[in-house]
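Got a structure for you, written out below as structure tokens; questions coming shortly.
Each value in this text was obtained by applying a stated rule to the coordinates, not by laboratory testing. As the structure is a computational prediction, the values presented were derived from the model and not from experiment. Here the Cβ positions follow ideal geometry from the backbone for every residue, glycine too, while neighbour counts run over all protein chains shown.
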Amino acid sequence: DMQAGKTALIYAASAGHTEITRMLVDAGANKDLQDMQAGKTALIYAASAGHTEIARMLVDAGANKDLQDMQAGKTAVIYAASAGHTEIARMLVDAGANKDLQDMQAGKTALIYAASAGHTEITDMLVDAGADKDLQDMQAGKTALIYAASAGHTEIARMLVDAGANKDLQDMLAGKTALIYAASAGHTEITRMLVDAGADKDLQVARLLGAGAGWQDSSHACSLRWSG
């Protein structure tokens, strides 16, 4: 259409019309066309809305699993993970979708979205599938563990630590670790778990540099000046 640039397949998939979607796919409809409103494909709409059978049908028919929309640069697996659609997220990962692709809006991965939203089962699935636990988003330099600790998602934080997530990574925005976020937010159980797991209790906040290699090295990020 001229308003949103959506095709019949996109409308059918987003509305959950399974039989119509199947008929259009069988008739050779282009599965990877992106609408002009948000740059989303039929698969992205199906994954976002939780239409499992339609999403599987499109993947089985060869739809591109890693296309990013134009609005936020998110893929189908990122939309499924952030919305808590476990079965779709698992199906996409099993079909070979890129687990570690970062969206273009905030640089977040499917694991970061799942962990920050408290979707335990999806987080567990992504960790088991080998998703990078220590990737930092481009918005704040936070990891999945930092988001989970900040939000008070105890089971997810423990799961990430047990899987070997770096407990002492500092975010770019404030130079804070998961332990610092948990302690400052009053999440007692997460704080205790991180301390018991060996997180650095005495690491001090140091705002990290925001560009290039600078933010990887906090040695010059903060200085103290004493006046007599």
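Rg/Rh for the chain: what does it come to with C-alpha atoms and Rh from Kirkwood?
Checking Rg against Rh, the ratio lands at 1.08.
For ASP60 and MET104, what is the calculated FRET efficiency with R₀ set at 30 Å and r taken between the beta-carbons, to the nearest 0.05?
Efficiency, rounded to the nearest 0.05: 0.65.
Follow-up. If we count every other residue with Cβ under 14 angstrom of ASP168's Cβ, Lys/Arg +1 and Asp/Glu -1, where does the sum land?
Its environment carries a net charge of +1.
Moving on to the next point. I want to check the label-to-label distance for ASP26 and LYS201. Put each point 7 Å from Cα in the C-beta direction and report it in nm to one decimal.
Reported label-point gap for ASP26 and LYS201 is 6.6 nm.
Can I ask one more? Obtain the nm distance between the two label points defined at GLU53 and GLU19 by a simple spin-label model: each point lies 7 Å from its Cα along the Cα-to-C-beta direction.
1.0 nm
Taking every pair of distinct Cα atoms and averaging 1/r, then inverting, what Kirkwood hydrodynamic radius in Å comes out for the range 1-98?
12.8 Å
What are the ³J(HN,Hα) couplings of the range 98-107, residue after residue, when phi is run through the Karplus curve with 6.51, -1.76, 1.60 and θ = phi - 60°? Round to Hz, x for glycine and proline.
5, 6, 9, 5, 9, 6, 8, 7, 10, x
Taking H as built 1.01 Å from N, whose amide H comes closer than 5 Å to the amide H of GLY5, not counting residues under 5 places away?
Correct list: MET36.
Once you wrap a convex hull around the alpha carbon atoms of the range 107-209, what is its projected area averaged over all directions, in nm²?
Hull-based average projected area comes out at 5.6 nm².
Mind checking which of GLY164, MET23, GLY50 is farthest towards the positive end of the chain's charge dipole, using Cβ charges of +1 (Lys, Arg) and -1 (Asp, Glu) about the Cα centre?
GLY164
Determine the calculated [θ] at 222 nm for the chain from helices alone, applying -39500 (n - 2.57) to every DSSP H run no shorter than 4 residues and normalising by the residue count; nearest 500 deg cm²/dmol.
Here the helix-only value at 222 nm equals -12500 deg cm²/dmol.
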